[in-house]
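A.B. asks: Okay, here's the structure, questions in a sec.
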Amino acid sequence: MRKFRIGLGVTGGIAAYKAVEVLRLLQKSACEVSVAMTRHATEFIQPLTFRALTDKHVIVDDYDPANPDPIAHINFSQSIDLLLIVPATANIIGKFANGVADDFISSTYLATTAPVMIAPAMNVTMWEQPATRRNVAQLKADGVRFVEPISGELACKTVGTGKLEDVENIVAQALGLLRNGESFEDPHTARRTPNSIDLRDERFLITVGGTREAIDPVRFISNHSSGKMGFAVAEAARDRGADVTVVAGVTTVEPPENVKVIRGVSAQEMFDGVMKELPNVTVFVGAAAVADYAPVNAANAKIKKDDRDELTLQLKKTPDILANVSKNRHQGLLVVGFAAETNDVIGYARSKMEKKGLDIVVANDITKVGAGFNTDTNIATIITRENESEQPLMSKRELADRILDAVIEMRKAAQAPA
Ligand code: CTP
């Protein structure tokens, strides 16, 4: 199972040393943590401490020539499941609330789509200032979660609210958010949804692309599939925390990163690859355009014309991967298929669902502009036994997320008491 990836942002306050303990506890909970610090934080604690504990470069300044990544704020922000700021000063809260991006952590905040959690620590008067209250309210409205500071004796010897919450509680809240998509007291926006890793317990196996059926060593039967739809499902499932394996035929686009890729160029090879992986997975998605027929015997040598005016190829049916997966399904496996049709789309899709024993079928009318092969968009209806949900023209990635939402719905329905 993939580890949670946490970007830990440390800003300049006395409580900065407590971020070390937060880091250790997250690591003990099998999280992979990358650390970024503000310049002022380094006055309180050395980056070396975090580097030694994470074995990674600690980013303070994007523009520092020692920084190994020239666009660190983009790469960092896009490779985390949570941005956690411990401790957060009034200054960083003010910057986040106002879209100021003048250092690494504030640029990362603007560049990430991951949920953000902030554990403030500051003097009580600073915490209670109307400016800070406004900024906190704004960030809550923007979907940021707060681990509220607690009351106690502060570093400045005054007593009041402003002390960093206990590190165990900060870590528990961060893990709770990541594991369950729990929201605390705060509303959240669509952009920073805690559902972003709602597939963490699932392992996906996805067929992608078109197959190629050999006629002889130089010729084959194939189709126009690009692999875009299947890879979009793989990418979306990966981003939502799932473990993803694809069995890819011929594709014209690159597979997403951090996805296991097995090649299965012919229908038979794809079938073999799928059957081998099937026992390890919880969701199967048949997104490949598998040739229904293949030459009975591929010639070993190049077929010559030999002055023939006609050539007859004898074809035999390929194994139906989707139907076989469904027939051999183990308990808990969800099976998702695609149906590309030109007429009576829903009718044919529903009969495919019955015939192949599918839980979800994604039906599209390939005669519509913006749907089908080689486009970046699709128009589809997501069909389950109980539901039919028409999706307007959208990117394949968006459609992939809607399909995954249907998977989540099915899991929830299976858990609900009858
Ligand atoms: N599929 C498969 N293995 C095959 C053929 C198809 O896994 N040998 C899967 C596809 O990945 C897709 C679904 O089955 O999910 C499409 O169904 P299919 O019966 O192939 O549709 P058509 O070829 O359009 O069939 P028909 O001509 O019967 O409509």
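A.B. asks: Per 0.36 nm of contour for each residue apart, how much would the distance between Arg24 and Glu153 grow if the chain were fully extended, relative to their Cα-Cα spacing?
C.D. replies: Extending this stretch completely gives an extra 44.0 nm.
A.B. asks: Out of all DSSP beta bridges with both ends in the chain, state the antiparallel percent to the nearest 5.
C.D. replies: So the antiparallel bridges in the chain amount to around 35 percent.
A.B. asks: Grab the Cα-Cα distance for Arg39 and Asp69, subtract it from 0.36 nm times how many residues apart they are, and report the gain in nm with one decimal. Walk me through the numbers on the way to the answer.
C.D. replies: Details: separation 30, 0.36 × 30 = 10.80 nm, distance 1.80 nm.
Value of the extension gain: 9.0 nm.
A.B. asks: Which one of Ala416, Val369, Phe271 has its Cα pushed farthest toward the positive end of the charge dipole of the range 259-418, where Lys and Arg give +1 and Asp and Glu give -1 at the Cβ?
C.D. replies: Farthest towards the positive pole: Phe271.
A.B. asks: Quick check on the range 98-176: take the gyration tensor over C-alpha atoms, sort the square-rooted eigenvalues as a ≥ b ≥ c, and tell me if it's rounded (a/c under 1.5), prolate or oblate.
C.D. replies: oblate
A.B. asks: Assuming 0.692 mPa s and 37 °C, estimate D for the range 297-358 with Stokes-Einstein, Rh taken as the Kirkwood radius over Cα pairs, in µm²/s.
C.D. replies: The Stokes-Einstein estimate is 214 µm²/s.
A.B. asks: Picking from Ala114, Ala155, Ala237, which is most flexible by a Gaussian network model of the chain using Cα springs under 10 Å?
C.D. replies: Looking only at Ala114, Ala155, Ala237, the biggest GNM fluctuation is shown by Ala155.
A.B. asks: What FRET efficiency comes out for the pair Gln78/Lys316, r = Cβ-Cβ distance, R0 = 41 Å, nearest 0.05?
C.D. replies: According to the calculation, E is roughly 0.30.
A.B. asks: How big is the charge dipole of the range 203-249 about its Cα centre, in debye rounded to the nearest 20, if each Lys and Arg gets +1 on its Cβ and each Asp and Glu gets -1 on its Cβ?
C.D. replies: Roughly 60 debye for the range 203-249.
A.B. asks: Ratio to report: Rg/Rh of the range 5-181, with Cα atoms as the point set and Rh obtained by the Kirkwood method; give two decimals.
C.D. replies: Over the Cα atoms of the range 5-181, Rg/Rh equals 0.93.
A.B. asks: Among Thr125, Thr245, Thr89, which one moves the most in a GNM of the chain with springs linking Cα atoms closer than 10 Å?
C.D. replies: Sorting by GNM fluctuation, first place goes to Thr125.
A.B. asks: I would also like to ask the following. Taking every DSSP beta bridge that has both residues in the range 197-415, what percent is antiparallel when rounded to the nearest 5?
C.D. replies: Roughly 40 percent of the DSSP beta bridges within the range 197-415 come out antiparallel.
A.B. asks: Before rounding to the nearest 500, sum -39500 (n - 2.57) across all DSSP H runs of length at least 4 in the chain and divide by the residue total; then give [θ] at 222 nm in deg cm²/dmol.
C.D. replies: Working: 14 runs with 139 residues, N = 418.
So the helix-based figure for the chain works out to -9500 deg cm²/dmol.
A.B. asks: In the chain, with Lys and Arg counted as +1 and Asp and Glu as -1 at Cβ, which of these residues, Gly160, Gln331, Gly143, has the Cα nearest the positive end of the dipole, that is, farthest along it?
C.D. replies: Gln331
A.B. asks: On average, how much area does the Cα convex hull of the range 197-415 cover when viewed from any direction, in nm²?
C.D. replies: Orientation-averaged projected area of the Cα hull: 12.9 nm².
A.B. asks: Still on this structure, please answer the following. Measure off 7 Å from each Cα along the Cα-to-Cβ vector at Glu341 and Lys327, then give the distance between these two points in nanometres to one decimal.
C.D. replies: With each label point 7 Å from Cα toward Cβ, the separation is 2.3 nm.
A.B. asks: Show me, for the range 286-293, the HN-Hα J-couplings you get by feeding each phi into the Karplus relation (A = 6.51, B = -1.76, C = 1.60, θ = phi - 60°), rounded to Hz, glycine and proline as x.
C.D. replies: Taking θ as phi minus 60°, the curve returns x, 9, 6, 8, 8, 4, 7, 10 Hz for the range 286-293.
A.B. asks: Moving on. Evaluated at 20 °C with a viscosity of 1.002 mPa s, what Stokes-Einstein diffusion coefficient in µm²/s does the chain have when Rh comes from the Kirkwood expression over alpha-carbon pairs?
C.D. replies: Value of D from the Cα-based Kirkwood radius: 89 µm²/s.
A.B. asks: Would you mind getting the Kirkwood hydrodynamic radius of the range 35-91 from its Cα pairs, rounded to one decimal in Å? Walk me through the numbers on the way to the answer.
C.D. replies: Values: mean 1/r = 0.0814 Å⁻¹.
Across the range 35-91, the inverse of the average 1/r is 12.3 Å.
A.B. asks: Per-residue HN-Hα couplings for the range 248-263, Karplus 6.51 cos²θ - 1.76 cosθ + 1.60 at θ = phi - 60°, whole Hz, x for Gly and Pro?
C.D. replies: Residue by residue, the range 248-263 yields 10, x, 8, 9, 9, 10, 7, x, x, 6, 6, 10, 6, 10, 10, 8 Hz.
A.B. asks: If you don't mind, another one. In nm, to one decimal, how far is the Ala101 label point from the Met275 one, both placed 7 Å along Cα→Cβ?
C.D. replies: Here the modelled spin labels are 5.1 nm apart.
A.B. asks: Can I ask one more? Please compute the length gained on full extension between Thr49 and Leu110, using 0.36 nm multiplied by the number of residues separating them and subtracting their Cα-Cα distance.
C.D. replies: 19.3 nm
A.B. asks: Kyte-Doolittle mean at least 1.0 and Cα extent at least 27 Å along the axis: which DSSP H helices of the chain qualify?
C.D. replies: Values: long enough: 396-415 (29 Å, -0.45).
Going by DSSP H runs, there are no hits.
A.B. asks: In debye, nearest 20: dipole of the chain around its Cα centre with unit charges on the Cβ of K, R (+) and D, E (-)?
C.D. replies: Rounded to the nearest 20 debye, it is 600 debye.
Each reported figure results from applying straightforward, stated rules to the coordinates on display, with no laboratory input. On a predicted model such as this, the values are computed, not experimentally measured, just so you know. All Cβ positions, even for glycine, are placed from backbone atoms using ideal geometry, and neighbour counts span all protein chains on display.
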